[in-house]
1. Expressed as a rounded percentage, what relative contact order does the chain have, with Cα pairs under 8 Å and six or more residues apart?
2. Please give the helix 3-30 orientation as an angle from the longest Cα principal axis of the chain, in degrees from 0 to 90, rounded to the nearest 10.
3. Find out how many positive minus negative residues lie around Ile23, taking Lys and Arg as positive, Asp and Glu as negative, among other residues whose Cβ is under 13 Å from that of Ile23.
4. Among Val143, Val124, rank each residue by its count of other Cβ atoms within 10 Å, from fewest to most, as a rough exposure measure.
5. Cross-link list Lys18/Lys60; Lys67/Lys182; Lys38/Lys164; Lys18/Lys164; Lys38/Lys60: which exceed 30 angstrom alpha carbon to alpha carbon?
6. Testing the spin-label approximation: label points 7 Å from Cα along Cα→Cβ at Lys164 and Leu198. State their distance in nm.
7. Among rounded, prolate and oblate, which fits the chain when a ≥ b ≥ c are the square roots of the eigenvalues of its C-alpha gyration tensor, a/c under 1.5 means rounded, and a/b larger than b/c means prolate?
8. Taking only Cα atoms and a 10 Å spring cutoff, compute GNM fluctuations for the chain and point out the largest among Ala135, Ala187, Ala103.
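Just so you know, all these numbers are worked out from the coordinates, no wet-lab data involved. In this text the structure is predicted, and so the values were computed from the model without any measurement. Please note: Cβ atoms are built from the backbone with ideal geometry, for glycine as well, and neighbour counts cover all protein chains shown.
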Amino acid sequence: MNTEHITELLYQALETEKGGIKIYEAALKCVVNDDLRKEWQEYHEQTQNHERIVRELMEKLGIDPEKETPGREVVRHIGESLVAAMEMALAEAAEREAAELVACECVVLAETKDHLNWELIHEVAEKAKGQTREALKAAYEEVEEEEDEHLYHTTGWGRELWIKSLGMPAVLPPPEEEKEVKTAIGAARAKMARKESL
Ligand SMILES: [Fe+2]
Ligand SMILES: [Fe+2]
């Protein structure tokens with residue numbers, strides 16, 4: 001395995017979680033739906049915990065979490081851009097609901113990267129040996145299920161709130177939430193079944 005690239009993955013994972021905290025802060029300013037607000041407040045807290053977990057993981061593996069890399073700089077830039085997009089929507093949208101839709105899309109974009117990072121950390125852990133394996137495994141086991149919810153549930157919220165805004169019947173809270181979806185297959189099934197829940 002390429003140790004240098006594994007270290008880079010962890011830097012990007014740390015930067016994704018750091019950016020995620022700010023993304024939820026901005027998203028919570030845009031949110032209108034009370035159930036979604038509760039959901040994002042929870043995800044915001046979980047993301048703070050994830051940042052701590054990655055930081056501790058890096059320290060265990062002897063990696064300096066403060067070191068800058070070009071890759072983490074890109075991740076930071078994307079995160080800041082998502083925050084700026086939500087602030088733009090908040091300042092300029094005629095209705096608060098429009099900013100809420102922007103926030104859903106920004107959270108989905110950020111969580112897609114977050115989810116991928118942890119999927120990759122899991123893959124690396126499977127192939128790693130000894131203490132590195134144990135440290136990676138302990139970290140992803142604590143985080144992975146939460147990342148599934150962050151991504152799949154917010155995707156459901158974004159779709160249903162968009163459908164509502166188009167003047168069509170929406171399933172709120174979304175079926176992904178009701179069925180406690182934690183896999184891509186489950187998300188696809190929940191989406192397929194949405195018409196039945198109407
Ligand atoms: Fe996370
Ligand atoms: Fe996340």
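1. 22 percent
2. Value to nearest ten degrees: 30.
3. My count for the surroundings of Ile23 gives -4.
4. Val124, Val143
5. In this structure, Lys67/Lys182; Lys18/Lys164; Lys38/Lys60 lie more than 30 Å apart at Cα.
6. Each label point is offset 7 Å from its Cα along the Cβ direction, giving 1.6 nm.
7. Note, shape of the chain comes out oblate.
8. Looking only at Ala135, Ala187, Ala103, the largest GNM fluctuation is found for Ala135.
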